[in-house]
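K.L.:
I'd like to ask you about the structure that follows.
The values are calculated or read from the model by the stated rules, or taken from the named source; none is laboratory data. For clarity, every value in this text was computed on a predicted model and none was experimentally measured. Ideal geometry is used to build each Cβ from the backbone, glycine not excepted, and the neighbour counts take in all protein chains shown.
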Amino acid sequence: MARNKVSKSIYFLSAAFNLMLLFVIFFFLFKSSFDFFSQYDIFAFLLSSNWYPEEEIFGIFAMLVNTLVTSFVSLFIAGIFGVLIAFYIRFYAGKKMQSFLFFVLCFLSFIPSILYGFFALNTISPLIAKLSNTSGKGFLSVVIVLSIMILPTISLLTYSFLKEQKNDYYKSALALGLSKEASIFVVFKASLNGIYSALILAYARAIAEAMAVVMVAGNQVMIALGLFDGLRTLSANIVLEMAYAQDIHKLALSACAFILFILVLFINLILIVFRGKNV
């Protein structure tokens, strides 16, 4: 009985600490953003694409669009391959191959983002530059590196969900005379809740990514309209300018961070609501 109370207390304190940390981060970002918006029009900040800190002109619309679009396209690409890899490991690979691929995915998920960026800078961007006669840095490079980064997350979460499921759907479908592929499709439909969760979490990671994006984006404050156009995202903007930002410029970057925080929080709330409706 006493041991249960101790365990319950530890779990409660851990949850309380995480909740407190969330509110501390929110309060800090909200306060800095409030100070900024008391000096600068919020609609000009959100709806303008002009970003000239030396003239105290701050508009994040282009960077916000770039952040959302590159993350979504990356999610679409990585989602297809990530889910297919998870189903291959679960239903087609042998035990040794399962262990090997699971180890590879875990290892890829542990690699720091700056290493992915360094890899893309020295391999992907030069290849794109050679094929397109451009700098090689831009929308396509960002999408490729983000896709590579979030693919292991999608595969691991989807595979874990499939592994935890009972084989009732799969075995029942086989017993009814369906082919292996048709039976796997039945499992796929039954697993959509877990797959959606994996995709949403991966999207949140892609939105907040900074270091890898900075190295291959070209860092131009404009909406990327082509595959080879340079761009800048919100997180990359913070990384590039925070070191030398002063006064209202620093507050503007804090407002960028607050917008990112709200985006990630909103995505996680969607996940919570969605999972709640499908329990």
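K.L.:
If you take the residues in region 222-242 that are out of contact with any helix residue (DSSP H, G or I) (no Cβ under 6 Å at 6 or more places or on another chain) and part of a loop (DSSP other than H, G, I, E, B), which one is surrounded by the fewest Cβ atoms within 10 Å (Cβ to Cβ)?
P.N.:
Leu225
K.L.:
Please go through (1) within 15 Å of the chain's Cα centre (by Cα); (2) within 18 Å of Leu121 (Cβ to Cβ) for Val216 and return the number of the only condition it doesn't satisfy.
P.N.:
Of everything listed in (1) within 15 Å of the chain's Cα centre (by Cα); (2) within 18 Å of Leu121 (Cβ to Cβ), Val216 misses just condition (1).
K.L.:
Can you tell me which residues in region 94-137 are over 29 Å from Leu231 (Cα atoms) and among the aliphatic types (A, V, I, L, M)? First the steps, then the outcome.
P.N.:
First pass over region 94-137, keeping only residues over 29 Å from Leu231 (Cα atoms): 94-107.
Scanning region 94-137 gives Met97, Leu101, Val104, Leu105.
K.L.:
Could you list, in sequence order, the residues of region 118-135 that are without any contact (Cβ under 8 Å) to a residue 60 or more places away in the chain and either in contact with a Gly (Cβ under 9 Å, 6 or more places away or on another chain) or within 12 Å of Gly218 (Cα to Cα) (or both)? First the steps, then the outcome.
P.N.:
Taking region 118-135 and keeping what is without any contact (Cβ under 8 Å) to a residue 60 or more places away in the chain, we get 119, 122-123, 126-127, 129-131, 133.
The answer is Pro126, Leu127, Ala129, Lys130.
K.L.:
Something else about it: Would you please name the residue that is surrounded by the most Cβ atoms within 10 Å (Cβ to Cβ), looking only at residues in region 50-62 that are part of a helix (DSSP H, G or I) and of a type in the set (A, V, I, L, M, F, W, C)?
P.N.:
As a first pass, look at region 50-62 and keep what is part of a helix (DSSP H, G or I): 53-55, 61-62.
Of the ones still in play, those that are also of a type in the set (A, V, I, L, M, F, W, C) are 61-62.
Details: Phe61: 17, Ala62: 20.
Among those residues, the one meeting the criterion is Ala62.
K.L.:
For region 126-160: of the residues being in a helix (DSSP H, G or I) and in contact with a strand residue (DSSP E or B) (Cβ under 9 Å, 6 or more places away or on another chain), which is surrounded by the fewest Cβ atoms within 10 Å (Cβ to Cβ)? Can you show your working first?
P.N.:
From region 126-160, those in a helix (DSSP H, G or I) are 126-132, 139-160; that's our starting set.
Checking which are in contact with a strand residue (DSSP E or B) (Cβ under 9 Å, 6 or more places away or on another chain) leaves us with 139, 141-142.
Working: Phe139: 23, Ser141: 30, Val142: 35.
The selected residue is Phe139.
K.L.:
From the residues in region 159-170 that are farther than 12 Å from Phe91 by Cβ and among the charged types (D, E, K, R), which one is modelled with the highest pLDDT?
P.N.:
Selected residue: Glu164.
K.L.:
Next up: Take the residues in region 1-49 that are part of a loop (DSSP other than H, G, I, E, B) and free of Cβ contacts under 8 Å to residues at least 40 places away in the same chain; name whichever of them is surrounded by the fewest Cβ atoms within 10 Å (Cβ to Cβ).
P.N.:
It comes out as Met1.
K.L.:
Take Leu201 and decide whether it is within 13 Å of the chain's Cα centre (by Cα), surrounded by 21 or more Cβ atoms within 10 Å (Cβ to Cβ) and either among the basic types (Lys, Arg) or in a helix (DSSP H, G or I) (or both). I'd like the intermediate steps shown before the answer.
P.N.:
Numbers: within 13 Å of the chain's Cα centre (by Cα): yes; surrounded by 21 or more Cβ atoms within 10 Å (Cβ to Cβ): no; either among the basic types (Lys, Arg) or in a helix (DSSP H, G or I) (or both): yes.
Considered against the rule, which asks whether it is within 13 Å of the chain's Cα centre (by Cα), surrounded by 21 or more Cβ atoms within 10 Å (Cβ to Cβ) and either among the basic types (Lys, Arg) or in a helix (DSSP H, G or I) (or both), Leu201 comes out as no.
K.L.:
Can you give me the number of residues within region 203-214 that are at pLDDT 90 or above and of a type in the set (Gly, Ala, Ser)?
P.N.:
2
K.L.:
What do you reckon, is Val65 in a helix (DSSP H, G or I), among the β-branched types (Val, Ile, Thr) and either loosely packed, with under 13 Cβ neighbours inside 10 Å or touching a helix residue (DSSP H, G or I) at 6+ places or on another chain (Cβ under 6 Å) (or both)? Please lay out each step first, then the result.
P.N.:
Values: in a helix (DSSP H, G or I): yes; among the β-branched types (Val, Ile, Thr): yes; either loosely packed, with under 13 Cβ neighbours inside 10 Å or touching a helix residue (DSSP H, G or I) at 6+ places or on another chain (Cβ under 6 Å) (or both): no.
No: the conditions fail for Val65.
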